[in-house]
1. Out of region 354-383, which residues are crowded, with 20+ Cβ neighbours inside 10 Å and in contact with a Lys or Arg (Cβ under 7 Å, 6 or more places away or on another chain)?
2. Examine region 253-266 for a residue that is closer than 29 Å to residue 135 by Cα, assigned to a loop (DSSP other than H, G, I, E, B) and either in contact with a Ser or Thr (Cβ under 9 Å, 6 or more places away or on another chain) or touching a residue at least 12 places away in the same chain (Cβ under 8 Å) (or both), and state whether such a residue exists.
3. Have a look at 126, 67 and point out the one that is among the hydrophobic types (A, V, I, L, M, F, W, C) and modelled with pLDDT of 95 or more.
4. Could you say which residue among 341, 357 is part of a helix (DSSP H, G or I) and either farther than 15 Å from residue 218 by Cβ or among the charged types (D, E, K, R) (or both)?
5. Could you check region 223-238 and list, in sequence order, the residues that are over 14 Å from residue 279 (Cβ atoms) and either among the basic types (Lys, Arg) or not in a strand (DSSP E or B) (or both)?
6. For region 284-308, which positions are assigned to a helix (DSSP H, G or I), open to solvent by less than 20 Å² (accessible area, probe 1.4 Å) and either in contact with a helix residue (DSSP H, G or I) (Cβ under 7 Å, 6 or more places away or on another chain) or of a type in the set (A, V, I, L, M, F, W, C) (or both)?
7. When you go through (1) open to solvent by less than 20 Å² (accessible area, probe 1.4 Å); (2) touching a His at 6+ places or on another chain (Cβ under 6 Å) one by one for residue 217, which number turns out not to apply?
8. Return the pairs, sorted by first residue and then second, in which the second residue is part of a loop (DSSP other than H, G, I, E, B) and modelled with pLDDT under 95, the first residue lies in region 196-214 and is more than 15 Å from ligand 3 (Cβ to nearest atom), the beta carbons are less than 6 Å apart, and the residues are 6+ apart or on different chains.
Amino acid sequence: MQRCDQLALMTEEPPRLTRRFLSPPMRDVHDALRGWMVDAGMTVRVDAAGNLIGRLAPGVTQNSDEITLRSCDGAIGQASLREPVLLIGSHLDTVPGGGKYDGVLGVLLGLALVEQLAGRHLPMAIDVIGFSEEEGVRFSMPYLGSRALAGSFDSTWLANHDSEGITMRESIERFGLCPDEIASAAYDPLDVIGFIEPHLEQGPVLERRGLPVGIVSAIVGQSRLIVRFEGEAGHAGTVPMVPRRDALVAAAGLVKKVQEVGRRVDGLRATVGRMRVHPNASNVIPGEVDLSIDVRHESDVLRIAAVEELIQAGAALAAAEDVRFGVVQRTHTDCVSVSPPLVQRLTQAVVASGVQPLHLVSGAGHDAVVMANRFPVAMLFVRHPGGVSHHPDERVDQADVAIALAVLLNLVDSLAAEPILERQPVQNPS
Ligand code: HGY
Ligand code: MN
Ligand code: MN
């Protein structure tokens, strides 16, 4: 809990917690985590996508000070990765003005687990992963870290730029890493026992049920779009009201439509969270507007139908205002299934910790979404008092974190005593 407090001070815009992909405070987070991991006997590396990974080697744990950075100058020298490995972790980036547990809690639970395992003989390695990017804030593209580890990072994304015009390639190089080596960050599925992501629930279910932890049964699909309205800028005082080609008037109609569709389709979540207005001056008719649209549903069919309806509505609203309309960027992840054998073990571990097992669907996206395309995954949710997330009021109770840690210890015991032997690439349809 103290470490969560400490990492929450590492921010781009104090006192708000904002930590985007490979921003300067991410380096501070790496420094802190590296120190704790080395003290816990782990070998630490940062891969070319900026994921920080601490490895606890199989066998009796011992102190280690080996630190590697996968930089362009070839300073590698990392430990052999060809051994069965259990992956545990979550992301280190945050949304703007985020809370101090979303992501970080899962990384620190992995580290605390390793600390608890001190002196134990394990037949497998444990990698605690701090993913570099999950929220999609800096480059409007989520899951950059997990895509690298799952081997699905598309190198054309390196040309995308952030709001300051810095390309993803430049951001990686400025952090001292080599973007052309991202492909080598991927794990071989034959080595990976599974990926466990502990995470704050970010919702009210466990609190309502009076349970400290829960087991994720599926993660809903998610579509993220950026759409653009292009009208004609002009003088706010001299251009008559008719005819005007006001991009923001058309965009405002779509914001309302997103809410309407979200309310009409049972179980749908639809949000406009970001808008860019150009030239963004009070005395200029808006000439161009970009909107983000985030759409989620347990059913991929209903989600995609909603996205198509919104695109058609955008086109109609644009035509009514005589402005142009287009989809600039679109990413999808389908609803993700978790690994039945791993979830069964996790469920047994929850029961062994004295907690009634509850399975629940995650409405939030997680690194597990992408990892599930290549590896068996399971997620452990921790109760979230108040259920407010992506907000500074995010909270978690220490007693619940202690139970989550006990569950993870029970899970490792179970996997050490009786491995899940079949390790092969999994195919989720994202
Ligand atoms: O947006 C999400 O669901 C996640 O928190 N990145
Ligand atoms: Mn989040
Ligand atoms: Mn998260």
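The values are calculated or read from the model by the stated rules, or taken from the named source; none is laboratory data. Just so you know, these numbers come straight off a predicted model, no measurement behind them. Backbone-built Cβ (ideal geometry, glycine too); neighbour counts: all protein chains shown. Ligands, DNA and RNA are stripped out before the accessible areas are found, and what is left, the full protein with its side chains, is counted by its heavy atoms. Shrake-Rupley method; radii C 1.70, N 1.55, O 1.52, S 1.80 Å.
1. Answer for region 354-383, where residues must be crowded, with 20+ Cβ neighbours inside 10 Å and in contact with a Lys or Arg (Cβ under 7 Å, 6 or more places away or on another chain): just 370.
2. yes
3. 126
4. Of 341, 357, the one residue that is part of a helix (DSSP H, G or I) and either farther than 15 Å from residue 218 by Cβ or among the charged types (D, E, K, R) (or both) is 341.
5. 224, 228, 237, 238
6. 306, 307
7. So residue 217 meets the others, but not (1).
8. 204/387
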